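Contents: one structure, followed by commentary.
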Amino acid sequence: MREKLSTIPGVTALFSRPFFHEVVVQLNTPASEVIELLAKKNILAGVALGEEYSERGDVVLVCATETKTVDDLDTFVRELGAACA
């Protein structure tokens with residue numbers, strides 16, 4: 001998922017340390033707007049960390065577990081890319 005998210009223009013994966021299911025990404029678009037746009041498509045985009053940690057601005061914590069398919073991840077990447085365009 002981290003590799004796929006890193007291909008989206010305007011999305012930067014943060015933290016190169018090992019991770020499990022979670023990835024933190026910096027958006028070039030307000031995180032709250034992106035989360036709202038994806039919610040309208042029944043996609044849970046993640047948690048806007050800037051709402052709890054103001055220094056994190058438009059940073060989103062996303063998670064994908066074994067319940068998600070490759071198609072689910074591809075849809076998420078496509079829709080996130082469209083929301084950030």
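Read the figures in this text as sums done on the coordinates, not as results from a lab. Predicted, not measured: the structure shown is a model, and the values here were computed from it. Methodologically, a virtual Cβ is constructed for each residue, glycine included, from the backbone with ideal geometry; neighbour enumeration extends over all protein chains shown.
So what's the range 2-84 giving for Cα Rg divided by 2.2 N^0.38 Å, two decimals? Show your work: numbers first, answer last.
Working: Rg = 11.8 Å, N = 83, 2.2 N^0.38 = 11.8 Å.
Cα-based Rg divided by the globular estimate yields 1.00.
Sum up the charges of everything whose Cβ sits under 14 Å from the Cβ of Leu27, counting Lys and Arg as +1 and Asp and Glu as -1, but leave Leu27 out. Mind showing how you got there, number by number?
Values: positive: Arg56; negative: Glu33, Glu36, Glu51, Asp58, Glu79.
Net charge in that neighbourhood comes out at -4.
Which residue fluctuates the most in the chain, going by a Gaussian network model with Cα springs under 10 Å, if the choices are Glu36, Glu51, Glu66?
Glu66
How far apart, in nanometres, would the label points at Ser16 and Leu73 be if each is projected 7 angstrom from Cα along the Cα-to-Cβ direction?
Distance between the two pseudo-spin positions: 2.1 nm.
So which residue, out of Val24, Val47, Val34, gets the largest mean-square fluctuation from a GNM of the chain using Cα contacts under 10 Å as springs?
The residue with the greatest mean-square fluctuation here is Val47.
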